[in-house]
Each structure stands twice: as structure tokens, then as C-alpha cells.
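Values quoted throughout were computed directly from the atomic coordinates according to the rules given, and no laboratory measurement underlies them. Here the structure is a predicted model, which is why all the values come from computation and not from measurement. Quick reminder, even Gly has a Cβ in these numbers, built from the backbone with ideal geometry, and neighbours come from all protein chains shown.
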Amino acid sequence: MEVKPISNLLALLEYFAQRQRPATLAEIAEDLAWPRSSTHNLLSTLLAKGYLYEPQARKGYYPSSSWQQVIAPIQAAAPLPDSLHRLLLALAERTGETAVLAGVSGGQAVFLDVVESPHAVRYTAQIGKCVPLHATATGRALLVQMPAADRAALLKKAHFERYTATTLMSVQAVEEEIARSQQRAWFAGAAEFSQDLGGIALPLTWPGRQLALLIAGPISRMQGKEADIAATMQSEIRTFSA
């Protein structure tokens, strides 16, 4: 279920992050295809709370530093260590594919950090991207870390939509794939959620967190290399843990 005002607020922040300069009410309404009345209401609320300001009077609005004052303490309380980013860099360099660090966000896996492949044809992913837990290798590498009751509750609520011809379409199918993955010690995705995309994922133990690592790329480059990629990931994780 989408809460429209919250969705609009996030869209506005993403809009300014991309635009990187002030925008008038008319520009925002036109660029985001919003009614002027609801755009005015949202901007007026943010202005009243000090989250928007006018760098020059009547020349447009821009987010104020109030956002940073709110977000900085949140990030500082539970930061992602720099060593995790270095782990992604090492994995991307050794495999030649995109490396992702993910965590749980409701019934989805959310990408917390990304280092993209240097190849022109590659898996392009952004921090904040969400993918279904049940329909991806990343998600199943997170699901396996949960107590059985918690995993069952999440899978019971999952929406089993057929994204591709290989999408797992039942709780039983997901549980069977998790069992196979545990037996071979790595999780595989073969175009289940994104067509022509292959991925290898592993759980990552970190105090107080359930994380997963993903190496993803075109299935044409990934096929036949799954075990080698998994071994590379396991080697880098051992080095990281040490």
C-alpha cells in the first residue's frame, strides 16, 4: 500500500537531488505532473517547517540544511563501516561484475551500497533500490538468516507475481530453493526478477544486522561461473572477517 503524501515527499527529494538547483512551484508541478494545489500544499508545509527555503526571493525553492540535521544523527548512530564498502570494491574488481550490499526492508531487500562493474554492459543498480525477498538470490540470502517463524510470516504475506518465466511462485518453492542453496553454500538467481540477469548472493554476518552480498551481471557472463564467483566471495568474506 502506498501512502501518497509520503510518496510525493520522497519524489520531491529525489527531484531536487537530480536537479541540484532551486525550482518554482510551477516547475515542480509540471516536471512531476502534480496538480498545482497539492504541490502548493506540500511546499507550504515544508516551508513552514523550515525544510525548504528560497535562496533568492521568488526565484524558487530548495531543501534547507534541516534535512542534514535530521539525517546525520540517524546515520551516525548505526553507520555502515567503510570496510564494507572496501569489501564491495574488492569483489567488483575480482569478479568484474556489480557488487551489492543489501538489508531487509519489510518484504523486500534494499540495496545499502553498490559498486558497479566496469563493463559497458553491466547490472546498473542504485542505493535504495528494492527487490522482492522471495524472488531474488539476495532476498533468500537474507531470509535464511531469520528465525523460521519470522520467515514464514514474511513469505505468507508475499505477493507471488510472475516477473519472468523462472520466478518462484509459492512458499514451498522458495523454501526448497533456500534448502538447496544452504546445501551448496551459496544462493543463485537466474533471471527470476529481472530478465537476462544472473546473480550469486551470500549471507553476511555483522553484529546486530542481517546483511547479504550480491554479485550480479548479464546471465551470459554469469552462467557457468557461479561456483567460481561464490568461491571468490567466500574468500573475500573470510579476509574481511579476519
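Tell me the relative contact order for the chain as a rounded percent, counting alpha carbon contacts under 8 Å between residues six or more apart.
Working: 354 pairs, mean separation 36.2, N = 242.
Once divided by the residue count of the chain, the mean separation gives 15 percent.
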| request: Mind listing the long-range amide H neighbours of LEU211? Cut-off is under 5 Å, sequence gap 5 or more, other chains count too, H placed in the peptide plane at 1.01 Å from N. | output: LEU204, TRP206
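Need the full-extension length gain, HIS119 to ALA173, defined as separation in residues times 0.36 nm minus the C-alpha distance. One decimal, nm.
Values: separation 54, 0.36 × 54 = 19.44 nm, distance 3.35 nm.
Contour length minus Cα-Cα distance gives 16.1 nm.
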| note | Output ordering of 37-46, 196-205 (per-residue mean of other Cβ within 10 Å, highest first) is 196-205, 37-46
| task | Sort the following peptides by mean Cβ neighbour count (other Cβ atoms within 10 Å, averaged over residues), highest first: 221-232, 137-148. | result | 137-148, 221-232
| message | Less than 26 Å apart at the alpha-carbon level, and either on another chain or at least 8 residues along: which lysines does that give for LYS225? | response | LYS129
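What ranking, highest mean first, results for peptides 67-77, 162-172 when packing means the other Cβ atoms within 10 Å averaged over each residue? Spell out each step's value before the answer.
Details: 67-77: 10.0, 162-172: 14.1.
Ranked by mean Cβ neighbours within 10 Å, highest first: 162-172, 67-77.
So, R0 is 41 Å and r is the distance between the beta-carbons of ALA57 and ARG209; what FRET efficiency does that work out to, to 0.05? Mind showing how you got there, number by number?
On the way: r = 46 Å, r/R0 = 1.12.
The value I calculate is 0.35.
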| request: List every residue whose amide H lies under 5 Å from the amide H of SER117, counting only residues 5 or more places away in sequence or on a different chain, with H placed 1.01 Å from N in the peptide plane. | output: THR98, ALA99, TYR123
| field | Calculated from backbone phi, Karplus (6.51, -1.76, 1.60) coupling profile of region 8-16 in Hz, x at Gly/Pro | value | 5, 4, 5, 4, 5, 5, 5, 4, 5
| remark: Partner lysines whose C-alpha sits under 30 Å from that of LYS59, ignoring same-chain residues fewer than 8 away, are LYS4, LYS49
